[in-house]
Amino acid sequence: MKIGYLGLGKMGHNMVARLKEKGHEIVGYDPSEEARAKTAELGVTVVDSYAGVVAQLETPRVIWSMIPSAVIDDMLAELVPLLSTGDMIVEAANSQYELTLRRAKKVTEAGVHFMEVGVSGGPGGARNGACLMIGGEKEDYEKLLPLIKDIAKDDGYYAHLGPAGAGHYAKMIHNGIEYGMMQAIAEGFALLKNAPFKYNLIDVCKLYNHGSVIESRLVEWAQSGYEAYGEDLGDIASIIGHTGEGEWTVKEAKRHGVDVPIIEGSYQYRVHSSEKPPYICRVVNMLRNQFGGHSIKPNEQPGH
């Protein structure tokens, strides 16, 4: 399948590499010259504009967007007028679902099909197979299945969840749950670190991740993080990024009168992380770095 691909950062570059290995033909674009050059090394066709992507594809075009949500409206304003009736845009950023609903309406009114995908698994998932939460018309989903199956980790790692907005809504809740799970792991390991026994935290991670009730990829990432940075985590930032889907989940819960004390507490912990015990915050940042490549350096913005 030949597609256009917008956004060649950590996620986009890795996903393009996977798709190329699966036999897909990619025409890629990113505003960063460095990102374009890195992706071109994969043997992928890379161009320097949205118009260049459109010109390389035949109708009906499929253009997958992995650009940040903050610039999607600008992208659509430039891209949609270049497209033909029947072309399709697949929006796969971490977008707020209400913005997705508005964007879907605007794009489809222009005669262009619109699909949206919540992608979980971080850069590693983008390279080795991700979890895909998909919203849009069922007919469009079925047309995209060959592409979706090759992006996903395996059968069962993707699903059509409903109309446009359903995928990003499910991803929002996923990330809210993720906040709570990471917070619990961080608090537990802070207790282990300060226990009256001298634990080897890597050994505890291994134990927890072999047949226990809390066996999980997050505990596996905790182990890899401790192996990489040591048990003290002293070089890791203690201020946690907090804007994005955790915040959106809390606001959505308040709107519907749903009590979410764990998710809200973990979100508020991040908001006030500069005032919280540094070790717990460092564990959270270590986990975020392991699965998402988020910055762990104290002098850098930790991101969302």
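Derivation of every value follows stated rules applied to the coordinates shown; laboratory data play no part. Fair warning: this is a prediction, and the values are worked out from it, not measured in the lab. Here the Cβ is made from the backbone with ideal geometry for all residues, glycine too, and neighbour counts use every protein chain on show.
I'd like to know which of 71, 60, 202 lies farthest towards the positive end of the charge dipole of the chain, counting +1 on Cβ of Lys and Arg and -1 on Cβ of Asp and Glu.
Going by the charge dipole, the pick is 202.
Taking the simple approach of a point 7 Å from Cα along Cα-to-Cβ for both residue 78 and residue 227, what is their distance in nm?
Calculated label separation equals 4.2 nm.
Out of the DSSP beta bridges found with both residues in region 2-163, what percent are antiparallel (nearest 5)? Working shown, then result.
On the way: 5 of 28 bridges.
Among the beta bridges of region 2-163, antiparallel pairing accounts for roughly 20 percent.
Rounded to the nearest 5, what % of DSSP beta bridges with both residues in the chain are antiparallel? Let's see the in-between values first.
Values: 5 of 28 bridges.
Given both bridge residues lie in the chain, the antiparallel proportion sits at roughly 20 percent.
Could you list, in their original order, any pairs among 171/251; 106/149; 20/153; 2/149 whose Cα atoms are separated by more than 18 Å? Walk me through the numbers before you get to the answer.
Details: 171/251 15 Å; 106/149 28 Å; 20/153 15 Å; 2/149 15 Å.
Pairs exceeding the cut-off: 106/149.
Give the Rg (one decimal place) followed by the Dmax (whole number) of the chain, computed from C-alpha coordinates and expressed in Å.
Using the Cα atoms of the chain, the pair Rg, Dmax is 20.4, 68 Å.
Please report, in debye to the nearest 20, how large the charge dipole of the chain is about its Cα centre when each Lys and Arg carries +1 at its beta carbon and each Asp and Glu carries -1 there. Walk me through the numbers before you get to the answer.
Details: 30 positive and 39 negative charges, 65 e Å.
Dipole of the chain, to the nearest 20 debye: 320 debye.
Could you give the length gained on full extension between residue 184 and residue 297, defined as 0.36 nm per residue of separation minus the Cα-Cα distance, in nm?
Details: separation 113, 0.36 × 113 = 40.68 nm, distance 2.24 nm.
Full extension from residue 184 to residue 297 adds 38.4 nm.
Counting Lys +1, Arg +1, Asp -1, Glu -1, what net charge surrounds residue 268 among other residues with beta carbon under 12 Å of its beta carbon? Spell out each step's value before the answer.
Values: positive: 270, 276; negative: 247, 264, 275.
Every neighbour counted, the sum reads -1.
Let me have the relative contact order for the chain, percent, based on Cα pairs under 8 Å that are six or more residues apart. Kindly include the intermediate steps, with their values, before the conclusion.
Numbers: 532 pairs, mean separation 41.6, N = 304.
Relative contact order of the chain: 14 percent.
Determine the sum of side-chain charges near residue 90: Lys and Arg each +1, Asp and Glu each -1, restricted to other residues whose C-beta is under 10 angstrom from that of residue 90.
Values: positive: none; negative: 91, 116, 140.
Taking every other residue near residue 90 into account, the sum is -3.
Distance from a point 7 Å along Cα→Cβ of residue 216 to each backbone N in region 163-179: keep the residues under 17 Å and list them by number.
It comes to 171-179, nothing else.
Per q in 0.25 Å⁻¹, report the Debye log10 I(q)/I(0) for region 220-275, using one uniform scatterer on each alpha carbon and no solvent.
Calculated log10 I(q)/I(0) at the listed q: -0.96.
7 Å from Cα along Cα→Cβ at both residue 235 and residue 70: what's the point-to-point distance in nm?
So the label points at residue 235 and residue 70 sit 2.8 nm apart.
What percent antiparallel are the DSSP beta bridges of region 77-175, to the nearest 5?
In region 77-175, approximately 35 percent of DSSP beta bridges are antiparallel ones.
Just to confirm the filter: which chymotrypsin sites (Phe, Trp or Tyr not before Pro) across region 173-254 are DSSP coil and have at most 16 other Cβ within 10 angstrom of their Cβ? Intermediate results must be reported in sequence, preceding the final value.
On the way: sites: 179, 189, 197, 199, 208, 221, 226, 229, 248; in loops: 197, 199.
Filter output for region 173-254: 197, 199.
Compute the acute angle (0 to 90°) between the alpha-carbon long axis of helix 97-109 and the principal axis of greatest extent of the alpha-carbon atoms of the chain; round to the nearest 10°.
Between the helix axis and the principal axis of the chain, the angle is about 10 degrees.
Contact order normalised by length for region 171-292, with contacts defined as Cα pairs under 8 Å and 6 or more residues apart; what percent is it? All intermediate terms of the calculation are to be shown ahead of the outcome.
Working: 125 pairs, mean separation 47.6, N = 122.
So the answer I get is 39 percent.
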